[in-house]
Amino acid sequence: MKLSIHHYSEVDSTQTVAKHYLLEGDADEGTVILADQQLSGSGRLGKSWNSPVGGLYCSLILKPHSKPIASYSQLAFVIAVGIQKALHSLLPTLPLTLKWPNDVLINAKKVSGILIEIEGQDVVVGMGINIDSHPETGTHLNEYFYNPLTVENVLKPVLKNVWDTYQNWIQSGFESIQTEWLKYAYQLGEILERDGIKGRFIGISAEGAMLLENESGDVQSVTKVG
Ligand code: BTN
C-alpha cells in the first residue's frame with residue numbers, strides 16, 4: 001500500500017485541499033488528505049457534512065488511468081465495500097448495510113458517507129465516518145463499541161481495506177465487488193419508488209444503476225439519486 005497521509009488540524013474541506021494538490025500537479029495516486037475537523041465539509045447533492053472533532057474526514061486521490069472513465073461510476077461501490085470490510089474487521093457483529101448508491105448504515109442509520117469527484121482522469125474520494133457523534137438522523141460507531149474508538153483506530157483499517165478493494169477492482173474488474181456489495185445491500189428485494197419508477201429492487205447494473213423490476217417483469221434502471 002503506497003499511501004502518503006497529509007494531516008491537517010482544520011480545513012474547509014479535505015476535498016478542496018485534495019483538488020488543490022491535483023491542480024498543482026504534485027499529488028501521486030494514494031495521496032490522502034486527513035483533517036481533524038472541517039469548517040465546511042461537503043456531502044453529495046450539494047448538502048453539507050457535519051464535521052466536528054472526533055469523526056474521520058479524509059480524501060483519497062486515485063488515478064485509475066487503466067480504466068475507461070465510463071467505469072468510474074463503479075468506484076462508489078468499490079469504496080463502500082472497502083469501508084464495510086474495514087468496519088467489520090473492527091467488529092464483525094456490526095449490523096451494517098450498504099445503501100444505494102454509496103452510504104454505509106448501521107441498523108438502517110447512516111454512519112458513513114462517500115463523495116466521489118472526478119477531476120479530468122483523476123478521482124478525489126471523500127470519506128466521512130461518524131465515530132464520536134452524529135447529526136440528528138444518523139448514528140456513530142462508538143454507540144456500538146464498549147472501548148471507544150479513536151480516529152486512528154478507524155483510519156488504518158479503512159485506508160487498508162479501501163486500497164485493497166480498489167486494487168482488486170483495477171486488476172479483476174467489478175464483478176466480485178458487485179456481488180459483495182449486494183450481500184449487504186439495504187432494501188434489496190423490497191418494492192421501492194425512485195425517480196418516478198416503482199419496482200422490486202433486484203440488483204445493480206455494471207454501471208452501478210439501481211435495477212427495479214415491475215409487476216410485469218420489466219427491469220428499469222435508476223441512476224438519479226434523490
Ligand atoms: C454524503 O454522504 O453526502 C457524502 C459525505 C462525504 C463527506 C466527506 S468528509 C471528507 C470529505 N471532505 C468533504 O468535504 N466531504 C467528504
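Quick notes
- The distance linking region 53-96 with region 135-190 is 6 Å (Cα centroid to Cα centroid, whole angstrom).
- Karplus-based coupling profile of region 205-221, in residue order and whole Hz: 7, 5, 8, x, 6, 7, 9, 10, 9, 8, 4, 7, x, 7, 9, 10, 9, with θ = phi - 60° in 6.51 cos²θ - 1.76 cosθ + 1.60 and x standing for Gly or Pro.
- Solvent-accessible surface of protein heavy atoms, probed at 1.4 angstrom with all chains present, puts Ser112, Ser73, Ser172 in the order Ser172, Ser73, Ser112, largest first.
- On Cα atoms only, tilt of 75-90 relative to the major axis of the chain in degrees: 70 degrees
- The solvent-accessible area of His134, taken with every protein chain present and a 1.4 Å probe, is close to 60 Å².
- Solvent-accessible surface (1.4 Å probe) assigned to Ile177 amounts to roughly 0 Å².
- Legend: residues Ile170, Ile106, sorted from most to least accessible area (1.4 Å probe; ligands, DNA and RNA excluded), read Ile170, Ile106.
- Interchain or long-range residues, amide H under 5 Å from Thr31's placed H: Ser4, Ile61
- Ranking of Glu213, Glu24 by solvent-accessible surface, largest first: Glu24, Glu213 (1.4 Å probe, protein heavy atoms only, all chains present).
- Cα-Cα over 29 Å, subset of Lys2/Lys47; Lys110/Lys156; Lys109/Lys156: Lys2/Lys47
- Charge dipole of region 83-226 about the Cα centre (unit charges at C-beta), most positive-ward option of Leu149, Ile197, Ile170: Leu149
- The loop-placed trypsin sites (Lys or Arg not before Pro) in region 1-67, going by DSSP, that have at most 16 neighbouring Cβ atoms within 10 Å of their Cβ come out as Lys2, Lys47.
The values are calculated or read from the model by the stated rules, or taken from the named source; none is laboratory data. Fair warning: this is a prediction, and the values are worked out from it, not measured in the lab. Quick reminder, even Gly has a Cβ in these numbers, built from the backbone with ideal geometry, and neighbours come from all protein chains shown. Note: areas computed on protein heavy atoms with side chains; ligands, DNA, RNA excluded. Shrake-Rupley method; radii C 1.70, N 1.55, O 1.52, S 1.80 Å.
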